[in-house]
C-alpha cells in the first residue's frame with residue numbers, strides 16, 4: 001500500500017475519498033430506493049457491537065477490530081474502503097440469504 005488515504009479497493013471501481021464519501025453516496029442512493037435503505041439499515045444493525053448503548057458515542061457501530069478484519073479478508077488491506085456497489089451488493093445478498 002502506498003500510504004494514500006484514497007484507496008481503490010474493488011475491481012469494480014472502489015470508493016475514492018474514504019468513509020465519508022462512501023456514506024454520502026450510500027445515503028443518496030438509499031433516499032431514492034427505499035428497499036436499499038432497509039437493506040443497508042439491516043446490515044448496519046447486524047454488525048453493531050454488543051452493548052453499544054453503554055459506550056460513547058452511543059451509536060450501533062461495529063467493533064473496529066472486526067471491521068479491520070473484514071476489510072483485510074475481503075480486500076487485502078485493513079484500511080480499504082469498499083466501493084458503493086460492493087456495499088449494495090452485500091446488503092442485497094444478505095437480505096436474500098437471511099430472508100429467502
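Laid out as a table, the results:
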read-out	value
Qualifying residue in segment 75-83 (condition: at pLDDT 95 or above, part of a helix (DSSP H, G or I) and exposed (fewer than 14 other Cβ atoms within 10 Å of the Cβ))	no
Test: residue in segment 55-66 that is on the phi > 0 side of the Ramachandran plot and either out of contact with any strand residue (DSSP E or B) (no Cβ under 7 Å at 6 or more places or on another chain) or part of a helix (DSSP H, G or I) (or both)	yes
Residue ID - nearest to the chain's Cα centre (by Cα), chosen from residues in segment 42-58 that are surrounded by 10 or more Cβ atoms within 10 Å (Cβ to Cβ), free of Cβ contacts under 8 Å to residues at least 40 places away in the same chain and within 21 Å of residue 29 (Cβ to Cβ)	44
Residue in segment 10-20 that is modelled with pLDDT of 95 or more, assigned to a loop (DSSP other than H, G, I, E, B) and under 13 Å from the mean Cα position of the chain (by Cα) present	no
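The values are calculated or read from the model by the stated rules, or taken from the named source; none is laboratory data. Just so it is clear, the model here is predicted, and its values are computed rather than measured. Note: ideal-geometry Cβ built from the backbone for every residue, glycine included; neighbour counts use all protein chains shown.
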